[in-house]
Amino acid sequence: MSSPKTCDFINIKHTKNARVENCTILGNDYPDTDGIDYDEVENGIIRGNTIYGFRGTNSDAIDIGENSQNILIEKNLIMNISDKGISVGQGSSVNINNNVIYGCNMGVGIKDRNSIAKIDYNTFYANKYGVAVYEKNSKAGGSIANISNCIFSQIKKDAICIDSLSKATVQYSISDSVMLKGKGNIIGNPRFTDVENFNLKLSKQSPARIKIDNSYKELGANLTISRKHDIPKIVINEIYGSNSVSDGFVQWVELYNYSSIDIDLSGWTLRNEKHLNYSFPEKFILKSKEYVVIANKDSKFSKSFPRVHNYRPGLGDELLLSGRKLLLYDGQMTLIDLVEHQKMTNWPENYKQSGISIRLKYPNLDNNNEKNWIINYLKQGSPGFKNSTISFDQMALRDERVEKFIEEIKCSPEWLRAIKNKAKEKGLNLEEEIRNNADYMVFSQDEKIKIEKENRIF
């Protein structure tokens with residue numbers, strides 16, 4: 001379910017026993033837009049839903065208000081919400097059990113007098129705030145929350161935030177950043193099974209597995225998150241992460257769709273392991289065999305690369321420079337691609353100051369294997385086009401420039417002559433042939449023999 005306008009996707013009012021179950025709701029970029037909104041509902045249930053990608057201001061995944069009572073919110077997967085994962089206000093009461101809440105400004109917000117939340121066995125991961133209990137509207141009074149058996153991990157600011165007018169208890173919960181006040185709380189790494197693949201179940205070594213007699217009690221949510229088996233063929237194809245003053249600190253990442261179909265990137269995110277991220281806008285389509293470049297400096301990028309039109313501004317300045325990894329996820333947090341760009345030993349140590357990019361040899365190669373990446377000697381890289389060490393903006397390279405390039409990459413004269421002869425025999429443009437075969441010329445001898453056998457050149 002999705003909508004191209006400001007609205008509440010599902011809004012139920014003035015009734016009893018309302019249920020919203022097993023829905024998948026993709027948000028949009030519009031303000032004041034909620035996924036599920038209950039107003040004056042009694043004995044309602046919100047269960048088993050996946051709600052993600054609400055990026056407009058004041059937009060929540062679930063909003064409970066207008067004195068709704070006894071609302072059960074359980075087994076939901078809530079991800080990448082600009083405001084609150086779950087909002088409770090206007091004198092409402094809720095039970096929030098067994099939910100995973102990720103990438104929100106606020107995991108759960110309980111606001112104003114007579115708003116009460118019991119929060120039990122939930123996993124709060126990489127939110128700015130975990131649970132906030134506060135007065136929102138002036139003179140509306142504080143709210144109440146009772147929190148137990150929860151996990152607070154990678155919280156960017158405060159796991160628990162309580163103002164002077166509100167009350168909250170926290171028991172038997174774990175945080176990896178601060179010891180929470182309350183009975184039975186512990187501090188430590190919860191040791192999820194596989195955070196990169198968004199498997200937030202606990203490993204056997206997790207301190208959040210507490211032995212009681214002959215069995216274990218596990219804190220946090222116990223949700224099995226289904227994953228796609230047919231992963232879209234989109235790769236991180238080229239990276240330029242300058243922290244040089246002369247380059248104006250321009251940074252960009254190029255993605256390439258090497259599949260045979262167009263792919264909708266609505267709700268997708270490019271992020272690092274510290275959860276700094278770029279979110280793709282609603283209805284963004286990356287066509288088959290096309291590129292998109294995400295850049296941090298709109299005006300500087302467009303000035304440097306006037307021929308690149310399929311680019312998106314908004315890449316955070318620290319996404320590349322502060323992290324070791326780039327991770328590409330679809331809207332439901334299926335891992336599409338991963339590059340540990342800081343560990344590649346064949347990249348020069350000063351590549352961020354040198355004005356060169358690093359690029360994948362071929363898009364169908366494993367781009368988390370450093371052997372499949374090489375340096376792009378073209379200053380500032382080749383964003384938005386086929387990877388090449390030859391400039392796309394230089395349409396009339398002189399032979400001496402070509403010879404210098406060949407010398408830089410330590411290519412033998414025989415290979416250069418082979419390219420020249422091919423161009424001459426077939427009436428092809430020399431620059432074009434060098435550009436098309438740039439990857440080939442920097443391969444090792446064994447790689448060249450293999451390519452020849454596969455008839456990929458000559």
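The values are calculated or read from the model by the stated rules, or taken from the named source; none is laboratory data. Please read all numbers here as calculations on a predicted model, not as lab measurements. Note that each Cβ is placed from the backbone with ideal geometry, even for glycine, and that neighbours are counted across all protein chains shown.
Numbers below:
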read-out	value
Answer from 217, 183, 211, 274 - the residue that is over 28 Å from residue 157 (Cα atoms) and not aliphatic (A, V, I, L, M)	211
Number of the condition not met by residue 35 [criteria: (1) crowded, with 24+ Cβ neighbours inside 10 Å; (2) farther than 28 Å from residue 283 by Cα]	(2)
Residue check for residue 32: among the charged types (D, E, K, R), on the phi > 0 side of the Ramachandran plot and touching a Ser or Thr at 6+ places or on another chain (Cβ under 6 Å)	yes
Test: residue in segment 4-25 that is of a type outside the set (Lys, Arg), surrounded by 19 or more Cβ atoms within 10 Å (Cβ to Cβ), under 19 Å from residue 331 (Cα atoms) and in contact with a Lys or Arg (Cβ under 9 Å, 6 or more places away or on another chain)	no
Residues satisfying the stated conditions in segment 154-191, i.e. of a type in the set (S, T, N, Q) and either surrounded by 16 or more Cβ atoms within 10 Å (Cβ to Cβ) or touching a Ser or Thr at 6+ places or on another chain (Cβ under 7 Å) (or both)	154, 166, 171, 173, 175, 185
Hey, residue 256 under 16 Å from residue 358 (Cα atoms), hydroxyl-bearing (Ser, Thr, Tyr) and at pLDDT 85 or above or not	yes
For residue 141: the one exception among (1) out of contact with any strand residue (DSSP E or B) (no Cβ under 8 Å at 6 or more places or on another chain); (2) over 20 Å from residue 93 (Cβ atoms)	(2)
Those residues of segment 192-208 which are surrounded by fewer than 16 Cβ atoms within 10 Å (Cβ to Cβ) and β-branched (Val, Ile, Thr), in sequence order	193
Any hit, segment 262-271, residues being within 30 Å of residue 364 (Cβ to Cβ) and polar (S, T, N, Q)	yes
Counted residues, segment 25-81 - those being among the β-branched types (Val, Ile, Thr), outside any strand (DSSP E or B) and out of contact with any Pro (no Cβ under 7 Å at 6 or more places or on another chain)	1
Segment 76-115: number of residues that are over 21 Å from the mean Cα position of the chain (by Cα), of a type in the set (Val, Ile, Thr) and more than 17 Å from residue 150 (Cα to Cα)	1
Some residue of segment 3-20 being in contact with an Asp or Glu (Cβ under 7 Å, 6 or more places away or on another chain), within 23 Å of residue 225 (Cα to Cα) and of a type in the set (S, T, N, Q)	no
Enumeration of residues in segment 204-220 that are touching an Asp or Glu at 6+ places or on another chain (Cβ under 9 Å) and part of a loop (DSSP other than H, G, I, E, B)	206, 208
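Each row is one residue, and each column tells you yes or no for (1) in contact with a helix residue (DSSP H, G or I) (Cβ under 7 Å, 6 or more places away or on another chain); (2) at pLDDT below 80.
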| residue | (1), (2) |
| --- | --- |
| 331 | no, no |
| 344 | yes, yes |
| 357 | no, yes |
| 364 | no, no |
| 367 | no, no |
| 379 | no, yes |
| 382 | no, yes |
| 397 | yes, yes |
